[in-house]
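Quick notes on the structure that follows.
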Amino acid sequence: TYDGNGNVLVSGSDSIQQAIDNAEPGATIAVDGGTYEEQLTIDKEGISLVAGDGTPRVKYGDGVVVQIRAANVSVSGFEIVGGATFDRGNLGMDVRSTPGGASVEVTDTTFEDLYLGIQTGSGGAHSFVVENATVNNSVAGFGHQSETGSAVVQDSHISVNTQGVGLYKANNALVENN
């Protein structure tokens with residue numbers, strides 16, 4: 001379904017992944033509140049995944065809940081929930097395989113019951129920004145590994161974790177007001 005501005009709308013029993021698959025590059029996908037039990041892969045450039053009416057909750061058992069494989073992607077207003085097994089592969093968001101020079105922005109999003117909220121890495125997003133995010137009941141909040149890319153984690157809340165923000169070979173990182 002589309003709104004008057006050409007945005008893709010997802011609600012009720014719709015599939016977020018199907019909306020991503022059917023969207024054009026650069027599309028905005030607005031997802032209404034509710035629980036969506038599926039694994040997501042964003043593999044089209046310029047996709048903006050935003051909350052519509054209410055807070056959408058994307059839940060997936062063990063494994064990666066959201067994989068970002070495209071440039072210039074943004075995610076805002078979601079709850080990303082794992083299976084609470086704390087296995088190393090149980091990631092809220094994996095941003096390690098985006099094209100070089102890509103940017104990824106995550107705002108106003110909550111991650112919980114995961115091994116790691118968000119993982120970026122070399123070969124992944126060149127510019128990575130997390131603002132106003134929350135990570136609860138997870139082993140680690142955010143992990144960034146890149147000698148060439150930049151990472152910003154600010155105004156976020158990380159609790160009940162053993163590691164808040166992990167930086168490795170991060171030459172250009174800003175972590176503030178967390």
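Of the residues Thr120, Thr85, which single one is of a type in the set (Ser, Thr, Tyr), open to solvent by less than 20 Å² (accessible area, probe 1.4 Å) and modelled with pLDDT under 90? Spell out how you get there, then give the answer.
Working: Thr85 fails: open to solvent by less than 20 Å² (accessible area, probe 1.4 Å).
On inspection, the qualifying residue turns out to be Thr120.
Going by what's in this entry, would Asn90 be described as over 22 Å from Gly149 (Cβ atoms), polar (S, T, N, Q) and open to solvent by 40 Å² or more (accessible area, probe 1.4 Å)? Break it down stepwise before answering.
Working: over 22 Å from Gly149 (Cβ atoms): yes; polar (S, T, N, Q): yes; open to solvent by 40 Å² or more (accessible area, probe 1.4 Å): no.
Criteria not met by Asn90.
Could you check Ala70 against (1) more than 17 Å from Asn22 (Cβ to Cβ); (2) modelled with pLDDT under 95; (3) open to solvent by less than 20 Å² (accessible area, probe 1.4 Å) and say which number it fails?
(1)
For Arg57, all conditions in the list (1) closer than 23 Å to Pro25 by Cα; (2) of a type outside the set (Gly, Ala, Ser); (3) in a strand (DSSP E or B) hold save one; what is the number of the exception?
(1)
Filter segment 3-32 down to the residues that are in contact with a strand residue (DSSP E or B) (Cβ under 6 Å, 6 or more places away or on another chain) and without any contact (Cβ under 8 Å) to a residue 24 or more places away in the chain and list them by number.
The answer is Asn7, Val8, Ala19, Ala27, Thr28, Ile29.
Every residue in segment 1-21 that is hydrophobic (A, V, I, L, M, F, W, C) and within 17 Å of the chain's Cα centre (by Cα), please.
Kept after step one, since they are hydrophobic (A, V, I, L, M, F, W, C), are these residues of segment 1-21: 8-10, 16, 19-20.
If the condition is that a residue be hydrophobic (A, V, I, L, M, F, W, C) and within 17 Å of the chain's Cα centre (by Cα), then Ile16, Ala19, Ile20 are the ones that fit.
Assuming Asp62 fulfils every condition listed in (1) more than 10 Å from the chain's Cα centre (by Cα); (2) closer than 18 Å to Ala140 by Cβ; (3) open to solvent by less than 20 Å² (accessible area, probe 1.4 Å) apart from one, which condition is it?
Condition (3) is where Asp62 drops out.
Does segment 130-164 hold any residues that are open to solvent by 30 Å² or more (accessible area, probe 1.4 Å), out of contact with any Gly (no Cβ under 6 Å at 6 or more places or on another chain), at pLDDT 85 or above and hydrophobic (A, V, I, L, M, F, W, C), and which are they?
Val152
The values are calculated or read from the model by the stated rules, or taken from the named source; none is laboratory data. It should be emphasised that the depicted structure is a prediction, and the values quoted were computed from it without experimental measurement. Neighbour counts are summed over all protein chains in view; Cβ atoms, including those assigned to glycine, are modelled from backbone coordinates with ideal geometry. Keep in mind that these areas ignore ligands, DNA and RNA; they rest on the heavy atoms of the full protein, side chains included. Shrake-Rupley method; radii C 1.70, N 1.55, O 1.52, S 1.80 Å.
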